[in-house]
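Please read the structure below before turning to the comments.
What follows is calculated from the coordinates using simple rules that are stated; it is not laboratory data. On a predicted model such as this, the values are computed, not experimentally measured, just so you know. Here Cβ is always computed from backbone atoms with ideal geometry, including for glycine, and neighbour counts include all displayed protein chains.
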Amino acid sequence: MLYHSTRNRHTAVDSAQAVLSGLAPDGGLYVPEKLPEIDVAACLRETTMQMAARIIGALLPDIPDMTTLVKQAYSGKFQTDELTPTVDTGKFTVLELFRGPTSAFKDVALSMLPQLMSAAKKVKGVKEDILILTATSGDTGKAALVGFQDVEGVKICVFYPDGGVSAVQRAQMVTQDGNNVAVCAVRGNFDDAQTGVKNIFATTVDGCLTEGNCLRLSSANSINIGRLAPQIIYYFKAYADLLKRGQIKMGDEVNFCVPTGNFGNILAGWLAKQLGLPVGKLICASNANNVLTDFITTGTYDRRRVLHKTDSPSMDILVSSNLERLLYLMSGDDLLVADLMKQLNTNGFYTVPETLLAKIQDAFWAGWCDDAKGAQTIRKVFEEQNYLCDTHTASGWAVAEDYVNQTGDTRPLVVLSTASPYKFPAAVLAAIGGDTTGDEFAQMETLERVTGIPIPGNLAGLREKQERHTSVIDKDKMREFVLSL
Ligand SMILES: *Cc1c(COP(=O)(O)O)cnc(C)c1O
């Protein structure tokens, strides 16, 4: 199956190459020329891992042996072989995406991407090692490190801003094991780290680090189609769970509410619908950085605003990269998309044509929730449903309530839960009125005592684990650091 750039329909590559390259050469994102056919009824009877092999295999047909790759990616690495269990809270169904090795939803995709890359490398006959370079503001770095740990033919180097991630996030990264991993703090903020990474990418020779050092650079961020494809699975899994519990009949539509940042997760839901899953409305939940709410309501995307630092930091984002894929797949117009992206780059905003806006509003609804409302929601859900959710999930829950109140839509609703409450212990503990004294590790213990919900194993042992990666460098030394690996 061929993939081409959202900005140019004439640049076709196969699915293995799309995974290897990440981004198209013109800066666009890879999209399939035509979506594959999926036997939805058969898929819904399968285990989560079978669903994964079927769906990812259909989208990336040039990568062989998908069943084996799925097993290598997920077997024994998640708390359950279901990977992403659902919980019926009595009000909404919560789809828990945080039961993986780092307790964040990014695990679902970043466990699979390394397997896909390493297999794609074999298919394309690429001999050189691949070096994954990533700047992280917290969650992605650790999930990528765990996913790529000891994967053959791939190395990974993660930069994070010194003092710019939480104590738990830092501890997760600096204690990382593996023979192919490097982690380094950069004196500066997240933007400095990200700019440093982009500069290293910009100075490659034929995709290699230097002429003498041919490591092929690649990235683990969510523009890669190999990260998007695995996220489609859990929409099928959630639907299958509702069927099993007798809450729906085959063919009934289900609404999904998704805490959104880069638009990757919710786009996977839209793709699930295109593959034939009976999805009703996709509800896009933002925090105070509500650029997507404005876009979906008005048709104008405007990034000319201040970035707010919120209690749901993984959604603090002004440019949602994956939206470009939706614009293309809905309009089929590469020239339009190229022009809109150019406007965004030069003017900081764009407006989509009326016909396209109508299609977007038919599929999506959008709302947002600030930190105060989020905290109130955590408390209310804990008291009323006896369910403890994290700050990102709380935004989703609050927006889901707004949606139901404003539309009266009675179809079943699934809220996607994107992080364990233990990844954000200070905010969660404060929300339920707990005592927040002490560092984040102490707060985790308090949260466990107050709620009776056990701390996930990967976070519980962190404080005692040995620190292996303690380098701190100036931002202009990042390239040197990479060359020394
Ligand atoms: C990355 C992330 C999100 C946002 O997902 P997108 O695919 O970027 O929209 C939401 N919540 C958490 C906890 C995340 O780590």
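Along its three principal directions, the equivalent ellipsoid of the chain from the Cα gyration tensor extends over semi-axes of 31, 28, 23 Å, largest first. Consider all pairwise Cα distances in region 289-424 and report the whole-number % of them above 24 Å. Tail of the P(r) past 24 Å holds 39 percent of the pairs. Taking Cβ atoms as reference points and 14 Å as the exclusive limit, the residues near Val174 contribute a net charge of +1, counting Lys and Arg as +1 and Asp and Glu as -1.
DSSP bridge analysis restricted to region 88-204 gives an antiparallel fraction near 10%, rounded to the nearest 5. Per-residue 3J(HN,Hα) values for region 221-227, derived from phi via the Karplus relation 6.51 cos²θ - 1.76 cosθ + 1.60 with θ = phi - 60°, read 7, 7, 7, 6, 4, x, 8 Hz in sequence order (x marks Gly and Pro).
So how do 282-288, 242-248 stack up, highest first, on mean other-Cβ count within 10 Å?
Those peptides, ordered most packed to least, come out 282-288, 242-248.
Here the Karplus curve 6.51 cos²θ - 1.76 cosθ + 1.60, taken at θ = phi - 60°, turns the phi angles of region 39-48 into couplings of 7, 4, 4, 5, 4, 5, 8, 8, 6, 4 Hz, with x standing for Gly and Pro. Taking the helices alone, the chain has a mean residue ellipticity at 222 nm of -13500 deg cm²/dmol, built from -39,500 (n - 2.57) per DSSP H run of at least 4 residues and averaged over all its residues. Determine, at each q value in 0.15, 0.17 (inverse angstroms), the log₁₀ of I(q)/I(0) that the Debye formula gives when each Cα of region 1-95 is one equal point scatterer. These q points yield log10 I(q)/I(0) values of -0.75, -0.87.
The lysine pair tally for region 1-150, using Cα distances under 21 Å and a gap of 8 or more places or different chains, is 7.
Mind checking the full-extension length gain between Arg463 and Asp177? Use 0.36 nm per residue of separation minus the Cα-Cα distance, one decimal, nm. Let's see the in-between values first.
On the way: separation 286, 0.36 × 286 = 102.96 nm, distance 1.49 nm.
Length gained between Arg463 and Asp177: 101.5 nm.
Counting only DSSP beta bridges whose two residues both lie in region 16-171, roughly 40 percent are antiparallel. Calculate I(q)/I(0) for region 411-485 by the Debye formula, one identical point scatterer on each C-alpha and no solvent, and give its log10 at q = 0.12, 0.13, 0.14, 0.21 Å⁻¹ to two decimals. Result of the Debye calculation: -0.55, -0.61, -0.66, -0.91. Extension gain for the segment Leu243 to Lys309, taken as residue separation times 0.36 nm less the Cα-Cα distance, is 19.8 nm to one decimal. Filter Lys244/Lys359; Lys281/Lys380; Lys198/Lys465; Lys237/Lys373 down to the pairs with a C-alpha to C-alpha distance above 28 Å, please. Distance filter (> 28 Å) returns Lys244/Lys359; Lys198/Lys465; Lys237/Lys373.
Roughly what % antiparallel, to the nearest 5, for the DSSP beta bridges in the chain? Mind showing how you got there, number by number?
Working: 16 of 51 bridges.
Percent antiparallel among DSSP bridges in the chain is about 30.
Determine which aspartates and glutamates satisfy two conditions relative to Lys155: a Cα distance under 15 Å, and not lying fewer than 8 residues away in the same chain. Candidates past the 8-residue exclusion: Glu128, Asp129, Asp177.
Lys and Arg at +1, Asp and Glu at -1: add these up for the other residues within a Cβ distance under 9 Å of Tyr422 and post the number.
Numbers: positive: Lys423; negative: Asp390, Glu448.
So the environment of Tyr422 carries a net charge of -1.
Between Lys122 and Leu483, take the C-beta separation as r, use R0 = 25 Å, and let me know the FRET efficiency to the nearest 0.05.
E between Lys122 and Leu483, to the nearest 0.05, is 0.40.
Ranked from highest to lowest mean number of other Cβ atoms within 10 Å per residue, what is the order of the peptides 217-226, 60-69? Present the calculation step by step, with values, prior to reporting the outcome.
Working: 217-226: 23.0, 60-69: 17.8.
Those peptides, ordered most packed to least, come out 217-226, 60-69.
Loop-resident trypsin sites (Lys or Arg not before Pro) (DSSP state other than H, G, I, E or B) in region 47-133 with no more than 11 further Cβ atoms inside 10 Å of their Cβ: Lys127. Backbone geometry of region 96-108 corresponds, through the Karplus equation with coefficients 6.51, -1.76 and 1.60 at θ = phi - 60°, to 3J(HN,Hα) couplings of 8, 9, 10, 8, x, x, 10, 6, 10, 5, 4, 4, 4 Hz, x marking Gly and Pro. Placing unit charges on each Cβ (+1 for Lys and Arg, -1 for Asp and Glu) gives region 1-91 a dipole about its Cα centre, and among Ala58, Thr48, Gly27 the Cα reaching farthest toward its positive end belongs to Gly27.
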